[in-house]
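Visitor: Quick one: the structure is below, and I'll ask about it shortly.
The values are calculated or read from the model by the stated rules, or taken from the named source; none is laboratory data. Keep in mind it's a predicted model, so treat the numbers as computed, not measured. We place every Cβ from the backbone using ideal geometry, glycine too, and count neighbours over all the protein chains shown.
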Amino acid sequence: MEKHYLTDKYHPLPEGYKPADLVRAPVPFLAPVNDMKRYISVVVYDPIRKLFHACAKDGLSLMGISAFRAFERQKEIYENSVRKRGREYTSKRIAYPGTSEHQTGLAIDVSCAAVDYDLVEEFEYTDEGMWLKKHAHEFGFVFSFTRENEEYTGYINEPWHIRYQCEEARFYDGD
């Protein structure tokens, strides 16, 4: 059985860590078909499919924006942001390489047409964002970065970012 890990600013994953059970997510994405950002851990496959289906059944349309992200890609994003916006801005918005939930294969960023598929706080007030907030937990997902936990996580509110609560997932301890 594949091990699944959690991560945060205090519990980094090793540079080369990549889940062995990545599969293409069965939901609409803006990314090209073989782009790794469309991939998720297999344990997320059914829950994310069911979440998107239920949302569509209620007449709404979510779009996948980014799921799996390798350490190297996170490093590019982080360093680019530091160069353009500075370390203080970046540290509240972009996970340091090795600490991104996207590297676990358990997280996905979603958006909708009402905000031009951007990852912005305004998503929270769209019909899709409000639906997600009300129903994500029914499919095993949590919002990792909220106003309420900003002091602990160190990240701004990200109403577009959800993580699957994989029962056996734990923080990486060097195994």
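Visitor: Kindly provide the set of residues from the stretch 80-93 that are part of a loop (DSSP other than H, G, I, E, B) and not small (G, A, S), ordered by number.
Guide: Listed by number, the residues that qualify are K92, R93.
Visitor: Out of all the residues in the stretch 116-175, which are among the polar types (S, T, N, Q) and in contact (Cβ under 8 Å) with a residue 60 or more places away in the chain? Break it down into steps so the answer makes sense when it comes.
Guide: Within the stretch 116-175, the subset among the polar types (S, T, N, Q) is 126, 144, 146, 149, 153, 157, 165.
Passing the criteria: only T153.
Visitor: Looking only at the stretch 21-38, count every residue that is at pLDDT 95 or above and not basic (K, R) and tell me the total. Give the derivation first.
Guide: Restricting attention to the stretch 21-38, the residues satisfying the condition of being at pLDDT 95 or above are 21-29, 35-38.
The next check asks that each one be not basic (K, R); those that pass are 21-23, 25-29, 35-36.
Count: 10.
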